[in-house]
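Please treat every number below as a calculation from the coordinates, not as lab data. It should be emphasised that the depicted structure is a prediction, and the values quoted were computed from it without experimental measurement. Heads up, the Cβs are rebuilt from the backbone with ideal geometry, glycines too, and the neighbour counts pull from every protein chain shown.
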Amino acid sequence: MENTRYGLLIDYEFCTGCHTCETACKVEHGFETGLWGIQLKEIGPQQIGPRKWDWHYLPAPTALCDLCADRVAEGRWPTCVHHCQAQVIEYGPVEELAARMDKQFMVLYTPTA
Amino acid sequence: MPRCPRPINEELYRDEWIWQEGEYTVYRNCQYTAPGCHNGCGVLHYVKDNKLVKIEGDPKGALSNGRLCMRCLAMEEMVNHPFRIYNPMKRDPAKRGDDDAWEVITWDEAYDLYVEKAEEILGKYGKKSFCILGGTGRNTTWQFAALATTVMGSPNYTFGFLSGNSCYVPRMNVCFWMGGDVMVADCAQCVEEGYDHPDYVNPEVCVIWCCNPIVSNADGFFGHWIVDLMRMGTKLIVIDPRLTWMGAQAEYYLQIKPGTDGALALGWINVIIAEDLYDHDFVEKWTYGFDQLAARAAEYPPERVAEITGIPADLIVASARRYATAKPASVQWGLKFDQFKNGFGAAMGCAALWALTGNIDVPGGNIVVNTGFISGDARRMFSGMKNTAGEEFDMTERLGQDEFVVEQMGLEPQAHPDSLLKALETGEPYPIKFLFEQSSNFLANMGADPQRLLAAVRTVDFFVVTDYYMTPTAAACADLFLPIAMSIERTGCRSMFNPTRAISPVVTTNAHTDEDIVLDIGHRLNPEGTPWANATEFWEDVLHNIRDQAGKPYYPPDFTFDDLREKMYIWEPFEYRKYEKGLLRSDGQPGFSTPTGRFEFYSLTAEAAGGDPLPHYVPEPNKTADPEAFEEYPLYLTTGRRSWEFFHSEHRHLKSMREFHPWPRVEMTQETADKYGIQEGDWVLIENPRGSVREKCVINPSMHPDTIMAEHGWWYPERRDDISGDNPFGVFDSNINQLVPMEDYGPLGYCAPYDTQMCRISKCTDYHPTYDPGY
Ligand code: SF4
Ligand code: SF4
């Protein structure tokens, strides 16, 4: 099991763009202004049909994401997982997470080496 | 309460309220102001050497089960901020506005000065010449009443110049008058089992009206509950002049012209009655005034409503059908009903819809909440008491009594903010000479026409400000500054609406809580009226006096504040369909707590107050009504939409929040920006005859090109060299309320046009501030 790869599964259909993951990550790692462990990207808003809009946020872990190694070692969830206001981020082995990708607008990240 | 969706490590996240974890003492706690907001989320405070080191959401916490917003996550920066003030300061009233004139004093010296001024000024002008100004939904909603009445002997406490009492007061009165109690969208927040409660049903449709709850979290309502509902299948109808994220996810998004919500409500009622989609059983058994409502709504066919609101008629009809046929359906409403002049009539229309469709107090509908008003329970500890002269308290001299029937009828618990301004400016009906400000910053926020307010308040003999750092209001007006404790330093209780939870101090500083200040001054001026030695003793007395509907105490006489802490969450019993069970009226009969015992579409209380008893729509100033006047100011100006980073005028001094949101934003469409030669990121001058401000352009592709939205509450705490003078911290550069009038409130004195001003815009070329956090 040592070689199990871990990742973050995000159901971005319901990501509200609340910035909690970004802030929690910055506070946890003490990142200075301008540095991010996870960053939010905006998709849209674009009108894709009569009275139909497409507007989503996509949180993306950066090269500074260490999957909250210290927290995980202590027995905690990564801080973005713990605090996400929409509860759309899950942490775990990628195989398990991949098995949960059964709906629209999901993304699986493997940010660590 | 919702539950944490993943396994919880029981070693790290415990059931106790306090434990040791390595070098940290960990406290399970409730976060409730200062700083904002209204929620009281469950948090874990990690403390070392009397200092907060970090904060986490408590996964076992009620309400948000571990989730936290970015402001709470920045709590360490907030409470340990270098700009905080911990010692009282005084200044010669002749030197108001001079930041070099402050002198640091001890608490005893501050209280001595306070008592000396109280005796001198109130001796000369009478006790009623004292008035206290409060803020929004913060942990001061009873303290200001207690201090004004029992301690100072004055009937005058009010909002900090919030014109027309235009925040929740109008909507709460709509609820009280029509239905007898406050009502709120059900997200299982009142039951301990949360979404697993056997009776709870997820709403098929939830209408989001005049709010963006995921950002605002207003009035004890955690906005992301709506996201929980969406994930469980709830569909949304969103009514908002601007498209929001929620609007984009909605089945129906209705882009409404600002201030026309009353017409839309009547249009929906029209469709629902005309197509026979209403709940006959509920209407016949439990409501009053259906025929009058139907007659009023008949004046609003979809075509007419389309013309007024700008929403296509077919969309009005389709969305009305969707709401009426969904079972159950709820409406989460918001502040903006209170912030246009005819908002009261619109809010009545909204509430009427809940009853018309039989969605009142049913699972997943709009539930009646008669629990959780612990600040009201705290307030009652004072109101029956005698004033400083030992007389029973008389409210008939309160500011606003001479102008507002609702004040004369005793329907309003506080003085009228616009009447306070009049009294300051004219000395009528009597002079106000001693002001005390608590948890508000009216030069930056809440007060309209702040430059007028500044001139008015400088006429008083003595002005006390309590805050945790220097604000524009304190800088410009205060003679005595009392530093207040922040949430982690306070003893208190929060319960809106369920459960009751303790707020425990985890560090001590020289700042005082608002409770301490009321009691400390009370012990000097009216010891009999303030018999509690400290806040803990006071809160225990409050708990012992809470009774259920039958008059039985909830808490045993030996129940202590420590018991509350140890239990963490105490759930008061909650039931659905209370009107069927005799659980709403003091006589124990079924029905609602209204004059007729029914939900009143036709409100007898509104009629007695001289108002329109039915839901109504009155046009606000708009281009169709007055084409000439608006030639010069062609754009609708809406204000006050919430930001993730800030609670009203708070949090501007956090560099973490300013990284996300460095400057005030004014939203407009690309078409509008192009028309005025503005590019995204440009500073924009926003003007009307009352004033002008500067905010930065952000393109919002989904607003009406006639409408712009400008942020509220802006000032620049980093401008520490700019504290003295008449524009402290640059507040008048960007405070949008300079374009909003005082004394232009709606009928009965409720609601004010914060959201329905007209303006013009141009590119601002001579304003180039830079941001340096200063720490
Ligand atoms: S897992 Fe930790 S390090 Fe990675 S983005 Fe989330 S909070 Fe940041
Ligand atoms: S915390 Fe969750 S909801 Fe908020 S921005 Fe991040 S992923 Fe989206």
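In plain terms, if you count all Cα to Cα distances in segment B:1-107 and split them into 10 Å steps from zero, the share in each step is 13, 35, 25, 15, 9, 3, 0 percent. Projecting the Cα atoms of B:Val207, B:Pro241, B:Val317 onto the charge dipole of segment B:182-367, computed from C-beta unit charges around the Cα centre, puts B:Pro241 farthest toward the positive end. Remark: segment B:204-210, residue by residue, has Karplus-estimated 3J(HN,Hα) of 5, 9, 10, 9, 9, 10, 6 Hz, where x stands for each Gly or Pro and the curve is 6.51 cos²θ - 1.76 cosθ + 1.60 at θ = phi - 60°. The HN-Hα couplings worked out from phi for segment B:470-480 by the Karplus form 6.51 cos²θ - 1.76 cosθ + 1.60 (θ = phi - 60°) are 6, 10, x, 5, 5, 4, 8, 10, 6, 9, 9 Hz, whole numbers, x standing for Gly and Pro. Could you tell me which of rounded, prolate or oblate describes segment B:182-367, using a ≥ b ≥ c as the square roots of the eigenvalues of the alpha-carbon gyration tensor, with rounded for a/c under 1.5 and, failing that, prolate when a/b is larger than b/c and oblate otherwise? Here segment B:182-367 falls in the oblate category. With Rh defined as the Kirkwood radius, the inverse of the mean 1/r over Cα pairs, the Rg/Rh of chain B is 0.94. Working value for segment B:447-508: equivalent-ellipsoid semi-axes of 32, 16, 9 Å, each the square root of 5 times a Cα gyration tensor eigenvalue, largest first. Divide the volume of the convex hull around the Cα atoms of the protein assembly as shown by the residue count and you get 158 Å³ per residue. For A:Leu40, the residues whose modelled amide H falls within less than 5 Å of its own, excluding neighbours fewer than 5 places apart on the same chain, are A:Ala60. Listed by chain and number, the lysines whose C-alpha is less than 23 Å from the C-alpha of B:Lys578, apart from same-chain residues fewer than 8 away, are B:Lys285, B:Lys327, B:Lys552.
Using just its DSSP H runs of length 4 or more, each adding -39500 (n - 2.57), the protein assembly as shown gives a mean residue ellipticity at 222 nm of -7500 deg cm²/dmol after division by all residues. Neighbour counting of Cβ atoms within 10 Å sorts the residues B:Phe538, B:Phe373, fewest neighbours leading, into B:Phe373, B:Phe538. Among the helices of chain B, none built from whole DSSP H runs has Cα atoms reaching 30 Å or more along its own axis together with a mean Kyte-Doolittle hydropathy of at least 1.6.
With the largest listed first and rounded to whole Å, the semi-axes of the equivalent ellipsoid of segment B:18-79 from the Cα gyration tensor are 18, 14, 9. Excluding same-chain neighbours fewer than eight residues apart, the lysines reachable from B:Lys341 by a Cα-Cα span under 17 Å are B:Lys257, B:Lys623. For B:Gly61, nonlocal amide neighbours, meaning residues 5 or more places apart or on other chains whose placed amide H falls under 5 Å from its own, are B:Gly66. If you run the Gaussian network model on chain A, springs between alpha carbon atoms under 10 Å, then out of A:Cys80, A:Cys21, A:Cys68 the most flexible one is A:Cys68. Over every Cα atom in chain A, the radius of gyration and the widest Cα-Cα span, Dmax, amount to 14.8, 51 Å. Using a ≥ b ≥ c from the Cα gyration tensor of segment B:627-763 (square roots of the eigenvalues), is it rounded, prolate or oblate, where a/c under 1.5 gives rounded and otherwise the larger of a/b and b/c decides, a/b for prolate? In terms of gyration-tensor shape, oblate.
Total lysine pairs in segment B:93-251 at Cα distances under 27 Å, for residues eight or more apart or on different chains: 6.
Look at where the Cα atoms of segment B:67-134 and of segment A:14-66 average out, and the two centres are 40 Å apart.
If you sort the three axes of the alpha carbon gyration tensor as a ≥ b ≥ c, you get a/c of 1.5 or more for segment B:693-735 and a/b above b/c, which makes it prolate. For the pair segment B:722-775 / segment B:249-327, the C-alpha centres are spaced 36 Å from each other. Taking the fewest neighbouring Cβ atoms within 10 Å as the starting point, the ordered list for B:Ser216, B:Ser762, B:Ser734, B:Ser129 is B:Ser762, B:Ser216, B:Ser129, B:Ser734.
Phi-derived couplings, Karplus 6.51 cos²θ - 1.76 cosθ + 1.60 at θ = phi - 60°, listed residue by residue for segment A:68-77: 6, 3, 5, 5, 4, 4, 6, x, 9, 7 Hz, with x used for Gly and Pro.
Using only side-chain charges placed at the Cβ, +1 for Lys and Arg and -1 for Asp and Glu, the dipole size of the protein assembly as shown relative to its Cα centre rounds to 860 debye. The long axis of helix A:20-29 is offset from the longest Cα principal axis of chain A by roughly 20 degrees.
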